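To start, the structure itself, in structure tokens.
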Amino acid sequence: MHVVFIAQDLWEAQLLLDQLIELWIPARIDNAMTMSGYGELPYLASRPRVVVERASDVARADVLTHEHG
């Protein structure tokens, strides 16, 4: 599990996840349900994170996240 992007909201995370899946990069969104704790939880704990499953895909995912963000 390798975090490649910390999104501002769930929509942003889903957009990036969809792009990764189109490139056959297995990924998922962590912390999808913690947005309800925004303001009560630490900043990074309450943000959705896009996570890549395989270490071999991290470099390809980083290129996409730099283009995305």
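Computed values, structure above
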{"quantity": "Residue list for segment 1-28, filter: more than 11 Å from Ala61 (Cβ to Cβ) and in contact with a His (Cβ under 9 Å, 6 or more places away or on another chain)", "calculated": "Glu12, Leu15"}
{"quantity": "Pick from segment 37-69, criterion of a type in the set (Gly, Ala, Ser) and either at pLDDT 95 or above or in a helix (DSSP H, G or I) (or both), ranking: farthest from Leu20 (Cα to Cα)", "calculated": "Gly37"}
{"quantity": "Candidate set from segment 6-36 (those that are modelled with pLDDT under 95 and assigned to a strand (DSSP E or B)); member that is most open to solvent (accessible area, probe 1.4 Å)", "calculated": "Ile6"}
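The values are calculated or read from the model by the stated rules, or taken from the named source; none is laboratory data. Only a predicted model underlies this, so the values are computations on that prediction, with no experimental measurement involved. Backbone-built Cβ (ideal geometry, glycine too); neighbour counts: all protein chains shown. Heads up: the accessible areas ignore ligands, DNA and RNA and are worked out on the full protein's heavy atoms, side chains in. Shrake-Rupley method; radii C 1.70, N 1.55, O 1.52, S 1.80 Å.
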